Amino acid sequence: MEFVCTKCGHKEDVTTRKSKCECGGLWKLNYVPTKYSAELIDHSVWGLFRYRRFMPLTGDTWQQVTLGEGMTPIIPFDAHTLFKMDYYMPTLSFKDRGAAVLVAHIKALGVDKVVQDSSGNAGNSVAAYCGRVGIACEIFVPEGTSDKKIRMIEAHGAKAVIVPGNRDHCAAVCREKVEKEGVYYANHVYNPFFYEGTKTYIYETYEQLGRIPEHIFVPVGNGTLFIGVMKGLEELLASGAIDHMPQVVAVQSELCQPFIKAMAAGAADITAEPVQWTMAEGIAIGLPMRSAEILDYVHKYKVQGITIPEDKILSAREKIARQGIYCEHTTAAVYAGYEHYCERYGRPQEALLSMCGAGLKSDHA
């Protein structure tokens, strides 16, 4: 098992502490999982590590790391829509899927300090799991990040560094520290082990429903859930558990939509765009670092795209809350994007949406 550079093809063992290749390319994991079989699920574990036989884990550090993340319920919202309640997680967001697996890998390497940049949720997750196993942690967040998210980061024992400017600038500042000081970059975009966690979103869905819904709506900023979803679907397809890919729909804010524009143009990569303020702060990424990889999936599997009308986010959040589901604005925005899709293309017979983050973490007006 090794890392392979997505740019030049150079290979490194996964024990490397380099955040990327010398050429600047990001790592991809050269790993082919065992073919899916229900018999290989460890039903004695209530959490995503029940799928560890399909994951590239080294040793048993996951037992020290796990907080019981995963196995979130799928509930019907209406006759055509299913919600996977991924904010039923230890730090109240889907990012716990990736963070648990990433920190298990980091712990196995013997790393004692990490840094990471985040709009809030990934920072909460990495801080929590690092705190769990005694790894010092520093999280860089852009100004305007919810105070509640910052307080959570600090509560887990991590240092929160607030960076003036937008999310992309925050990432640049954090990466500069990585380059200068050589500290381990526990980043949810750079490190492929994170996606080995987010792919369990699909494994769980298949186990819980006995099928994969024909439409899956996925919010796309940096693409951490999107890449995990596509990996999981590919692995189920390769194993014969499913016989075709569902229609995946990438959802982006109308105020920050580099992938939607690239899809419309049939481009192999995105054109970076300035980030305007949006209530969908979790996906407001103007320069996603794995854009070419994401667009490879888009073109290969005919992924559709839809934008989120900014003026529909609050009403979508209110509609969801009236049924007892209090989600954050970025999550409600995905439902607003789904409704926009229905208006444009007709309502799918069955659609799966992730309730990515809890409302109490971003309770701004």
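Quick notes
- Derived scalar couplings ³J(HN,Hα) [segment 242-247; Karplus, 6.51 cos²θ - 1.76 cosθ + 1.60; whole Hz; x for Gly, Pro]: 10, 10, 7, 7, x, 7
- Nonlocal amide H pairs with residue 248, under 5 Å, H built at 1.01 Å: 216, 304
- For the chain, size of Cβ-based charge dipole, Lys and Arg +1, Asp and Glu -1, in debye: 320
- Amide H contacts under 5 Å for residue 161: 139, 140, 141, restricted to partners 5 or more places along the chain or on a different chain, H placed in the peptide plane at 1.01 Å from N.
- Comparing 57, 26, 265 along the charge dipole axis of the chain, the residue lying farthest to the positive side is 57, per the Cβ-charge model.
- Cut-off 13 Å, label 7 Å out along Cα→Cβ of residue 75, residues of segment 340-357 by amide N: 355-356
- Listed peptides 226-236, 108-118 appear in the order 226-236, 108-118 once ranked by packing, highest mean of other Cβ atoms within 10 Å at the front.
- Each of the peptides 237-243, 137-143 was scored by the mean count of other Cβ atoms within 10 Å over its residues; in descending order, highest first, they stand as 137-143, 237-243.
- From the coordinates shown, mean projected area of the Cα convex hull in nm² corresponds to which of [x] 29.9; [y] 21.1; [z] 16.4: [z]
- Sorting 205, 58, 330 by the number of Cβ atoms found within 10 Å of their own Cβ, with the fewest placed first, yields 58, 205, 330.
- For the chain, with +1 on Lys and Arg beta carbons and -1 on Asp and Glu, the positive-most of 288, 85, 228 along the dipole: 228
- Remark: segment 96-185 is approximated by an ellipsoid whose semi-axes, taken from the C-alpha gyration tensor as √(5λ), come to 20, 15, 10 Å, largest first.
- Membrane-span-like helices of the chain, defined as complete DSSP H segments with a Cα extent of 15 Å or more along the helix axis and a mean Kyte hydropathy of at least -0.5, are identified as 95-109, 121-133, 224-239.
- Overall, segment 140-276 carries a charge dipole of about 360 debye about its Cα centre when +1 sits on the Cβ of Lys and Arg and -1 on the Cβ of Asp and Glu, all other atoms neutral.
- Least to most buried among 355, 279, 1 (fewest other Cβ within 10 Å first): 1, 279, 355
- Fraction of antiparallel bridges per DSSP, the chain only, in percent to nearest 5: 30
- Sorted by Cβ neighbour density within 10 Å, fewest at the top, the residues 256, 23: 23, 256
- Mean separation of Cα pairs under 8 Å and 6 or more residues apart, divided by the residue count, gives the chain a relative contact order of 16 percent.
- Dipole moment magnitude, nearest 20 debye, segment 96-185 about Cα centre, only Lys, Arg, Asp, Glu C-beta charged: 240
- Segment 270-319 - Debye-derived log10 I(q)/I(0), Cα point model, q = 0.22, 0.27 Å⁻¹: -0.96, -1.09
- Ranked by how many other beta carbons lie within 10 Å on average, peptides 26-34, 121-129, 331-339 from highest: 121-129, 331-339, 26-34
Quick note: the coordinates plus some simple rules give every number you see, no bench work behind them. These numbers were taken from a predicted model, which means no experiment stands behind them. Heads up, the Cβs are rebuilt from the backbone with ideal geometry, glycines too, and the neighbour counts pull from every protein chain shown.
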